[in-house]
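Data first, discussion second: the structure below is written as structure tokens.
The values are calculated or read from the model by the stated rules, or taken from the named source; none is laboratory data. Given the structure is predicted, the values throughout are model-derived calculations rather than measurements. Neighbour counts run over all protein chains shown; Cβ positions are idealised from the backbone, glycine included.
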Amino acid sequence: MFTTLDRLKRPDPVIFAIVALLCASTLVVYLQHRALVALDRQTAVILQKVAEQTATAVNLEIRRTFDGPVFDVLPAVNHPLLAAGRLDLLAPHYAKGLNAYPHVERFFVWSELTEAVAPGEVLFYGGRGSTPVSRAEGERDPLHLFYRDSPMGRRVLETARRYAKSQRIYAAVSERIGQTPYDFFVRLLYTDAARTRFFAVLGFLVNLDTVRTRLFPALYERQFAALLDPRDGSPPFQMQVVDDTGRIVFGGRMALPAVAARSRFALQFYPEEDIGPRMASGIPSRQWTLVISPRAQSASSTIASTRTQSYWLSGLSVLLMIVALAFAVQSRKRAEQLARVQADFVAHVSHQLKTPVSLLSAVGETLALDRVRSPEKLAQYVDIVRGETSRLSALVERILEFSRAGDSRRGYELEPVNLAVLARETVEAFGRALSSNGYRIQVVDTGAAPVVVADPAAIEQALVNLLDNAIKYGGESREVTVQVGITRSDATIDVIDRGIGIDPGERARIFERFYRGAGAAMNRRGFGLGLAIAQELVAAHRGRIEVESTPGSGSTFRIRIPLGHAAAEHEPRRILPGFWARLRGPRMAGEARRRGTA
Ligand code: ATP
Ligand code: MG
């Protein structure tokens, strides 16, 4: 009752530990989850920012490419040189332009010089060649690098003439030539400030079909790849180009990514802002869209791998906590068990002490009061004193034996022991020490002489405890047989009696300390420790004791010790030659072994 109340008042510290650990684990998991959510969000924000920056960079690159020919190529040769007919100077610039700006299909030129060769049309440079212009003057002919494409050439010059009336310098036109949609860009070079007459026309053609099919892959290869997939460890991005009608021009279809930056650019091949006021005509606005998003595997795999890693880590820490908890619970259980065993032990011992002590004190009191008159009575009392004193000393002896057998620090003195010799000598000595006569302990010579590495004193003690029981519970028969043998891997010593036997229900308990069976009820001698001690001693030699018994007709106890095995749990520490060992005298280990294996 008290203990229950006590427990209610003071909760079990292990419960505290369990609760604390559970809270800690929950906290770990929760904090980690929050950290991961925050990480996800931050990663998304960072990726979005980087995607926007990348989109801006790519957009600038597109713009720079689209505006390039108007800025670099068309003004490359100045007015006076062109007016002087130096068309040969144009060709290298056109070549460079074609190389640098993949959207340009071909450049063209018209001047009085070309008019003489191909009246009413412009001459082309680059693109798929047509009729070469050749007047057999070879290298020195400034036009030998250009070619004619009459229908197209005429269309371009007509356009130029049409827009020259507006007296502006530039014109951009979107027209179909045949089946192909083209953007022309035309630059007019006027002879006078009033712009009434032009002496040359320069410009280029953009094939809009190739823009759709080949431009962006080419640009991607040349310029964008470095921006989108930098090899510096930053996350790679993918790119998509969508035209003004929503059709995907480049980059394939992508699953709607959570993170994506969009940026619009005009599909115009001239710098609108810079030259807009000087243009006779422009292209109607065509707004295409650039979509930049992190490559699926990059973003999600980075996040996923961080996530798995941290889940593993926290899982591991929770697991460690649980293991620690299990250890705590386990050791607490052990401590409880130990405390219970100790309490039981003390209770048993005091119980065993109670009877002799109270008998002795009663006898003492009677003697002190001088109430014992007759010599017979006195002799009876002296008998009681003698009997109880010997019972007390036997109890003390048993307890000491027991504590020695159970002491893990006990050192065993190991040596090769011939069990046949040991059994014979032990039985002899035991028979001599036996107080009650009329018992016959017979050692059967089976011819087996197994040798084991063991502490002879310990084996003797175990055997003596079995012999003691065989005599005690031998009933009327008074015949005990001891037999040494060898099985496949063990040496055995059997102690066989024809006594009262053991009830099957008791058989499992007889090795418990302080357990005394029903058969022991008539026999006051004993504390229920003999078998517990014997088992402890044999177990220290990696052996065991087995029992077979038929109630009413006897029992066989068998000590089994593995052949050639030492008592590994207990290293020999001190030399304590047993009492029986001294009786037995010196033994030749080598000889014994030879006999044992024979
Ligand atoms: P102690 O050996 O401590 O003096 P004990 O003999 O009662 O006391 P154990 O030797 O441990 O205790 O034996 C436990 C019980 O097993 C005995 O009380 C007895 O009931 C039973 N027992 C042991 N050996 C035999 C046997 N050979 N025949 C019948 N019963 C036995
Ligand atoms: Mg006993």
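A residue that is farther than 18 Å from residue 183 by Cβ and in a helix (DSSP H, G or I) can be found somewhere in region 275-287. Here residue 520 fulfils each of the conditions (1) near ligand 1 (Cβ under 7 Å from one of its atoms); (2) modelled with pLDDT under 90; (3) touching a strand residue (DSSP E or B) at 6+ places or on another chain (Cβ under 7 Å) apart from (3). Out of all the residues in region 424-446, is one or more of a type in the set (A, V, I, L, M, F, W, C), under 58 Å from the mean Cα position of the chain (by Cα) and modelled with pLDDT under 85? No, region 424-446 contains no residue that is of a type in the set (A, V, I, L, M, F, W, C), under 58 Å from the mean Cα position of the chain (by Cα) and modelled with pLDDT under 85. Looking only at region 129-143, decide whether some residue is modelled with pLDDT of 90 or more, of a type outside the set (Asp, Glu) and touching a strand residue (DSSP E or B) at 6+ places or on another chain (Cβ under 7 Å). No, the conditions are met nowhere in region 129-143. Flag: residue 14 matches the condition of being aliphatic (A, V, I, L, M), surrounded by fewer than 18 Cβ atoms within 10 Å (Cβ to Cβ) and touching a Lys or Arg at 6+ places or on another chain (Cβ under 7 Å). Going residue by residue through region 48-67, is there one that turns out to be more than 30 Å from residue 183 (Cβ to Cβ), free of Cβ contacts under 8 Å to residues at least 12 places away in the same chain and β-branched (Val, Ile, Thr)? Looking through region 48-67, none of the residues is more than 30 Å from residue 183 (Cβ to Cβ), free of Cβ contacts under 8 Å to residues at least 12 places away in the same chain and β-branched (Val, Ile, Thr). Scanning region 520-548 for residues that are within 14 Å of ligand 2 (Cβ to nearest atom), under 15 Å from residue 500 (Cβ atoms) and part of a strand (DSSP E or B) yields a single hit, 547. Give region 324-365 a look and list any residue that's basic (Lys, Arg) and farther than 30 Å from residue 21 by Cα, or say none. The answer is 354, and nothing else. Only one of (1) within 15 Å of residue 419 (Cα to Cα); (2) surrounded by 14 or more Cβ atoms within 10 Å (Cβ to Cβ) is not met by residue 469, so which one is it? Exception for residue 469: condition (1).
Scan region 277-286 and give yes if some residue there is over 30 Å from residue 195 (Cβ atoms) and not hydrophobic (A, V, I, L, M, F, W, C), otherwise no. No, region 277-286 contains no residue that is over 30 Å from residue 195 (Cβ atoms) and not hydrophobic (A, V, I, L, M, F, W, C). If you check 545, 533 for being more than 10 Å from ligand 1 (Cβ to nearest atom), surrounded by 15 or more Cβ atoms within 10 Å (Cβ to Cβ) and in contact (Cβ under 8 Å) with a residue 60 or more places away in the chain, only one passes: 545. Restricting attention to region 497-506, the residues that are within 18 Å of residue 439 (Cβ to Cβ) and more than 16 Å from ligand 2 (Cβ to nearest atom) add up to 1.
Quick grid of which residues meet (1) out of contact with any strand residue (DSSP E or B) (no Cβ under 9 Å at 6 or more places or on another chain); (2) away from ligand 2 (no atom under 13 Å from the Cβ):
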{"residue": "463", "(1), (2)": "no, no"}
{"residue": "467", "(1), (2)": "no, no"}
{"residue": "483", "(1), (2)": "no, yes"}
{"residue": "508", "(1), (2)": "yes, yes"}
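Which one is farthest from the chain's Cα centre (by Cα), of the residues in region 342-386 that are β-branched (Val, Ile, Thr) and either surrounded by fewer than 12 Cβ atoms within 10 Å (Cβ to Cβ) or modelled with pLDDT of 85 or more (or both)? In this case the residue turns out to be 366. Contact map, region 483-495: first residue more than 13 Å from residue 556 (Cα to Cα), second residue within 16 Å of ligand 1 (Cβ to nearest atom) and of a type outside the set (A, V, I, L, M, F, W, C), Cβ cut-off under 8 Å, separation 6 or more or different chains; pairs are 485/494.
Could you list all residues from region 347-375 that are assigned to a helix (DSSP H, G or I) and either polar (S, T, N, Q) or touching a residue at least 40 places away in the same chain (Cβ under 8 Å) (or both)? Within region 347-375, 348, 349, 350, 352, 353, 355, 358, 361, 366 qualify.
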